[in-house]
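A short write-up of the structure that comes next.
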Amino acid sequence: MRIAVAATPIVAIPTLEWLRESKNELALVITRPDRPSGRGRTMTDSIVSRWATTHGVPCVKPVATFDLIDSLNDIDLVVTIGYGVILPVEVLSVPRFGFVNLHFSHLPAWRGAAPVQRAILNGDRVLGVSVFALDQGMDTGPMYVQEDVLPQPYESAGEMLERMSVIGPEVISKALEMIEAGSVPTPQSLEGVSYAPKISKEEARISWAQDSMHIDRHIRAFTPEPGAWTTWRSSSLRIDRARPIFVEGDFAPASVINHGGHIVIACGDGTGLALEEVTPAGKKSMSAESWANGARIALGESFV
């Protein structure tokens, strides 16, 4: 089959690599237009765009969705991976076999933009990688393939997405075989539907009144983007990695209760969180111990 891939994020790269080496023809890459980035607001292309250029695969960056139509007339199937655009039926119907989406959730759970983050935040014990036929709904199309993925202890959203991206070629391969064989995808269940909206920076702010298990999930869900953060001495501090621990005593939430080898922050319900890696405002990620030594933290000081 002549296949196009519509994608933007790095998680698409393993599937792009597999398709380039498969019996199928990777005929086209579709990605978002270049965007301003960094302090200088320099126009920057997506990592998928750079991959296509490096490997000599034609790449288009449509500003309007209807601009895609002419590019798809000789395409059999389009695989979307984090493309981030709702496509109208006039576009979905152009390729011979339509569009399929590689989605990193156990559908129908967590339809939307941030499925892994929402699943971790919710404490889900089983996540998934799904391939389904795109329709006009938000991740509502019928299913071709779904693989369970079990979260690892203390795994961040970024780490889990990287692991899921490696599973992508396997499930896409199975879906392509089903499509070539004329298999009809299975409608999604009407039970267990949930939604995964985009995450705002304000939502990623840590509430120290919650217990340490909830805060741990919060940190892992929002790492690396947008980053779980708190305020320390009027400046933002991102918490990159931490561990819930048992503490003895009655301490006010958000207070520093021990830094004898560990930087421990009191949480709600009498629990504590040992910080391991942090990123101070304007600096690179560092060990919590290095940060505490440089900041000259005193017991009893508090985050906000």
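Residue 177 falls short on exactly one of the conditions (1) in a loop (DSSP other than H, G, I, E, B); (2) farther than 30 Å from residue 63 by Cα; (3) among the acidic types (Asp, Glu), and that condition is (1). Scanning the stretch 179-207 for residues that are more than 17 Å from residue 134 (Cβ to Cβ), out of contact with any Pro (no Cβ under 6 Å at 6 or more places or on another chain) and polar (S, T, N, Q) gives 194, 200, 207.
One line per residue, one yes/no per condition, for (1) buried (at least 16 other Cβ atoms within 10 Å of the Cβ); (2) within 26 Å of residue 124 (Cβ to Cβ):
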position	(1), (2)
200	no, yes
213	no, yes
225	no, yes
231	no, no
244	yes, yes
248	no, no
257	yes, no
263	yes, no
271	yes, yes
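Identify the residue in the stretch 107-128 that is in a loop (DSSP other than H, G, I, E, B) and touching a strand residue (DSSP E or B) at 6+ places or on another chain (Cβ under 7 Å) and, among all such residues, is nearest to residue 155 (Cα to Cα). In this case the residue turns out to be 126.
Take the residues in the stretch 129-161 that are part of a loop (DSSP other than H, G, I, E, B) and hydrophobic (A, V, I, L, M, F, W, C); name whichever of them is farthest from residue 225 (Cα to Cα).
Filtering the stretch 129-161 down to residues part of a loop (DSSP other than H, G, I, E, B) leaves 134-142, 150-156.
Next, only the ones that are hydrophobic (A, V, I, L, M, F, W, C) stay: 134, 138, 150.
Details: 134: 26, 138: 22, 150: 21 Å.
The extreme case among them is 134.
Counting only residues that are part of a loop (DSSP other than H, G, I, E, B) and among the charged types (D, E, K, R), which one in the stretch 188-217 is farthest from residue 110 (Cα to Cα)?
Residues of the stretch 188-217 that are part of a loop (DSSP other than H, G, I, E, B), as a first pass: 188-194, 197-204, 206-211.
Next, from what is left, pick out any that are among the charged types (D, E, K, R): 191, 198, 201-203, 211.
Details: 191: 12, 198: 11, 201: 20, 202: 21, 203: 17, 211: 24 Å.
Top of the filtered list is 211.
Only one of these is buried (at least 24 other Cβ atoms within 10 Å of the Cβ), assigned by TED's automatic domain parsing to the domain that holds residue 174, touching a residue at least 40 places away in the same chain (Cβ under 8 Å) and more than 17 Å from residue 178 (Cα to Cα): 85, 116. Name it. Quick ask: steps written out before the conclusion?
On the way: 85 fails: buried (at least 24 other Cβ atoms within 10 Å of the Cβ).
Exactly one residue qualifies, and that residue is 116.
For the stretch 218-238, the set of residues classified as part of a loop (DSSP other than H, G, I, E, B) and either touching a residue at least 60 places away in the same chain (Cβ under 8 Å) or in contact with a Cys (Cβ under 8 Å, 6 or more places away or on another chain) (or both) consists of 222, 223, 224, 225, 233, listed by residue number. Among the candidates 11, 57, the residue that is in the same structural domain as residue 129 (by TED's automatic domain parsing) and under 21 Å from the mean Cα position of the chain (by Cα) is uniquely 11. Only one entry of 79, 63 meets the criterion of being surrounded by 14 or more Cβ atoms within 10 Å (Cβ to Cβ) and either assigned by TED's automatic domain parsing to the domain that holds residue 173 or at pLDDT 95 or above (or both), and that entry is 79. Pairing each residue of the stretch 149-173 that is assigned by TED's automatic domain parsing to the domain that holds residue 21 with any residue that is surrounded by fewer than 19 Cβ atoms within 10 Å (Cβ to Cβ) and among the hydroxyl-bearing types (Ser, Thr, Tyr), provided the two are 6+ apart or on different chains, yields C-beta distances under 8 Å for 173/22.
Residues in the stretch 3-46 that are free of Cβ contacts under 8 Å to residues at least 60 places away in the same chain, of a type in the set (A, V, I, L, M) and surrounded by 13 or more Cβ atoms within 10 Å (Cβ to Cβ): 16, 26, 27, 28, 29, 30.
Taking the stated definitions as given, is residue 234 modelled with pLDDT under 95 and over 22 Å from residue 107 (Cα atoms)?
Values: modelled with pLDDT under 95: yes; over 22 Å from residue 107 (Cα atoms): yes.
So residue 234 passes the test.
The values are calculated or read from the model by the stated rules, or taken from the named source; none is laboratory data. Just so you know, these numbers come straight off a predicted model, no measurement behind them. Ideal geometry is used to build each Cβ from the backbone, glycine not excepted, and the neighbour counts take in all protein chains shown.
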